[in-house]
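Report on one structure; see the data block that follows.
The values are calculated or read from the model by the stated rules, or taken from the named source; none is laboratory data. Values in this document were obtained by computation on a predicted structure and should not be read as measured data. Note: ideal-geometry Cβ built from the backbone for every residue, glycine included; neighbour counts use all protein chains shown.
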Amino acid sequence: QEGDPQEGRPPPLIRDRPHILRSPSTEPHAAPCFFCAPAARPVKNARMSTPAHEPDQLEFAVRADRRAVVLFDGVPEPRGTVLDNATSRLVFPATAAVLDADEVVIWVPEERDDALQILVSPFEIDGRTEAAADRWRIYHGKEPSTRWLAGEPIALRLGPMVVAGDDVDLSNPLAAAEPALCKRFNAEPARLGALASAFDPRSTGSCVLVGVDAMGIDLRTRFDIVRVPFGERITDADAAGERIAELLERHAGDAA
């Protein structure tokens, strides 16, 4: 079977990009790549198998923070991102130079040793008509550029874990229920603000619920997006509503 971890072979999508696997200590590159970007130390024993828990850990890491640095051919661009509910791609505004890059890696939340790295294949979308661009604006406000890109994950790396993009399910089973859940709980912005503050003490004031997925919710505060995890995977809309209500009761109480 192709990509069988017992045979010690990397998943197909990674095998098709052999430069990803080269060690910078033995074969330096003209430009930084997925495994030897400036802020990352090479991992000598990076696993190419996919134990059952790793895709869940990587999905959690992808959803944990909407801040990112888009590194294209070694050039960094700080950017907010969103996950497109329809395609599971990472969407963000960027300069046209990203489209011409040989390699695009999204670092979450920033370019540092312990960051999640997502190697993506970028392509341009129409920010005037795509729902994903509107979703980005709901999360982050006014875009800093007029070009819009969607990144198809090819591979994800976090510490010693390296997993093919196809092995990490970034779909949102609560996508259909998300608008109704946001409308329901946005009637209580002060309590949402108290919940955000409980998970990020830097957050103050009221906030808005902008995203709901099986692993948690995203709250837009005045300056940032605060992630509140469910603590387990919830795929039923009613159960998700009950969990959000429980989180508000536990952390926000009677805030008004």
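Structure data summary
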read-out	value
Residue ID - surrounded by the most Cβ atoms within 10 Å (Cβ to Cβ), chosen from residues in the stretch 196-255 that are of a type in the set (Val, Ile, Thr) and touching an Asp or Glu at 6+ places or on another chain (Cβ under 7 Å)	Val212
Enumeration of residues in the stretch 109-137 that are among the hydroxyl-bearing types (Ser, Thr, Tyr) and either surrounded by 13 or more Cβ atoms within 10 Å (Cβ to Cβ) or touching a residue at least 40 places away in the same chain (Cβ under 8 Å) (or both)	Ser121
Pairs where the first residue, in the stretch 92-104, is within 10 Å of Ser121 (Cα to Cα) and the second is modelled with pLDDT under 90 and not in a loop (DSSP other than H, G, I, E, B), C-beta under 7 Å, 6+ apart	Val104/Val98
Any hit, the stretch 142-149, residues being within 25 Å of Asn186 (Cβ to Cβ) and in contact with a strand residue (DSSP E or B) (Cβ under 6 Å, 6 or more places away or on another chain)	yes
Count of residues meeting criterion [touching a residue at least 12 places away in the same chain (Cβ under 8 Å) and not polar (S, T, N, Q)] in the stretch 232-244	7
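A quick yes/no check of all residues on (1) out of contact with any helix residue (DSSP H, G or I) (no Cβ under 7 Å at 6 or more places or on another chain); (2) of a type in the set (Val, Ile, Thr); (3) closer than 30 Å to Leu99 by Cβ:
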position	(1), (2), (3)
Asp166	no, no, yes
Ser171	yes, no, yes
Pro179	yes, no, no
Phe199	yes, no, no
Thr204	no, yes, no
Val210	no, yes, yes
Pro229	yes, no, no
Asp238	yes, no, no
